[in-house]
Amino acid sequence: MKACFLRAPGKVESNPLVFGDVPKPEPASGEILIRVEVCGVCRTDLHVIEGELPSRKFPIVPGHQAVGHVAATGAGAGRLAIGSRVGVAWLHKTDGTCEYCRRGEENLCDNPQFTGYTVNGGYAEYVVAPEDFVYPLPEILVAEQAAPLLCAGIIGYRCLRLSGVSAGARLGLYGFGAAGHVAIQVARYWGVEVYASSRDARHQALARELGAVWTGGILDAPPEKLDAAIVFAPAGEIVPVALAVLKKGGRLILGGIHMSDIPAFPYSLLYEERVIRSVANNTRKDGHEFLRLAAEIPVKTHVQVYPLAEANRALNALKNDAIRGAAVLRATS
Ligand SMILES: [Zn+2]
Ligand SMILES: [Zn+2]
């Protein structure tokens, strides 16, 4: 089968992904084989490819937002019918036995496997995944539209949940890419006022289009104090800036898997019970809840579609903030 794979980490400017033939995977016990239609491109893929996350497996096929159809089932799998539409997300598998899994925090599992990082992912014509970790997706969802929901959407939802916002609250979003443009739609649906900061004027324009009451640069202070803020941009210098605009008791949620160092800041920014919390992965419950909600709203994603063979070009565009919404790779027609 055709796939884009990485032999060793490298800057995306050097086009490190190779498009070529690799063996088609076979579903093991409990797994299903999925014929990939499209796969979303996530900022985490950039961190994997450029080696900002410790390397775990080479060669690796990246990608953890794959939408496709069940093509075959391994022994013991078969709950999902052949031909049904499914999504494969970041959490490939957990051990189910560690203290975190036992208390319902499988996102913090001690022995997790991650799609497109520790096991091959969706930048390919086929991918395998444990059936229990695959999300059924209604046929009504257009594949390109659904792909960014699988990570950007689910992680954004977990960030929103942990931010504690509800109707009437004021929420800041820092960075307005794939996750931000989905999170704002959920927040607006809940009756939350959104203040969006981005270094990119096109992203600010999209935020206004999607209902932000205010947009500005990353370091600009919004006109009101905020109940909570979510940082999607991987830039540590945003943390003190965002803390400074939070109300007493406000929550600052860090949505990225990787962030540059956070500069020192005075304790007064954190005092008065402000909270900083990172988000690590998601539980399957987050995924199922969010996908239901996304269909109910319904969330509309803005996507730029690239052929699978042009994954390097998509990643370069993502790195340069040139994607309006989310980038998606089309593996099959
Ligand atoms: Zn576990
Ligand atoms: Zn992701």
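The values are calculated or read from the model by the stated rules, or taken from the named source; none is laboratory data. It should be emphasised that the depicted structure is a prediction, and the values quoted were computed from it without experimental measurement. Cβ sites come from the backbone with ideal geometry, for glycine too, and all protein chains shown count toward neighbours. What goes into the accessible areas is simple: the full protein's heavy atoms, side chains included, and nothing from ligands, DNA or RNA. Shrake-Rupley method; radii C 1.70, N 1.55, O 1.52, S 1.80 Å.
General observations
- Of all lysines in the structure, the ones whose alpha carbon falls short of 22 Å from that of Lys319, not counting any fewer than 8 places away in one chain, are Lys11.
- For the chain: relative contact order, % (alpha-carbon pairs under 8 angstrom, 6 or more apart): 19
- Atom-type composition of the exposed protein surface of the chain places 51 percent of the accessible area on carbon and sulfur (1.4 angstrom probe).
- Compared with the direct C-alpha span, the chain from Ala75 to His288 gains 74.2 nm at full extension, assuming 0.36 nm per residue.
- Rolling a 1.4 Å probe across the protein heavy atoms gives the range 1-52 an accessible surface of 43 Å² per residue.
- Sites Lys225 and Phe19, calculated FRET efficiency, Cβ-Cβ separation with R0 45 Å, nearest 0.05: 0.35
- MRE, 222 nm, helices only [DSSP H, n ≥ 4, -39500 (n - 2.57), over the chain, to nearest 500]: -6500 deg cm²/dmol
- If the segment from Arg202 to Lys247 were pulled out straight at 0.36 nm per residue, it would be longer than the present Cα-Cα gap by 13.3 nm.
- Fluctuation leader among Asp200, Asp132, Asp261 - the chain, Gaussian network, Cα springs under 10 angstrom: Asp261
- Rolling a 1.4 Å probe across the protein heavy atoms gives the range 110-243 an accessible surface of 32 Å² per residue.
- The residue list Leu137, Leu53, Ile218 was ranked by how far each Cα lies along the charge dipole of the chain toward its positive end, using unit charges on Cβ atoms, and Ile218 comes out on top.
- Among the listed pairs Lys57/Lys300; Lys93/Lys225; Lys57/Lys285; Lys24/Lys93; Lys2/Lys93; Lys225/Lys300, those beyond 31 Å (Cα-Cα): Lys57/Lys300; Lys93/Lys225
- Taking every alpha-carbon pair under 8 Å whose residues sit at least 6 apart, the range 216-333 reaches a relative contact order of 19 percent.
- If only the Cβ of Lys and Arg carry +1 and only the Cβ of Asp and Glu carry -1, the dipole of the range 252-292 around its Cα centre is close to 240 debye.
- If only the Cβ of Lys and Arg carry +1 and only the Cβ of Asp and Glu carry -1, the dipole of the chain around its Cα centre is close to 280 debye.
- With both labels modelled 7 Å from their Cα along Cα-to-Cβ, the Val213 to Leu108 distance reads 3.4 nm.
- Computed lengthening from Ser166 to Ala280, 0.36 nm per intervening residue step minus Cα-Cα distance: 38.8 nm
- Relative contact order (percent, whole number), the range 189-262, Cα cutoff 8 Å, 6+ residue spacing: 26
- Most fluctuating residue given options Ile218, Ile34, Ile140, as computed from a GNM of the chain linking Cα atoms under 10 Å: Ile140
- Build a GNM of the chain with springs between Cα atoms under 10 Å apart, and of Val303, Val275, Val127 the one that fluctuates most is Val275.
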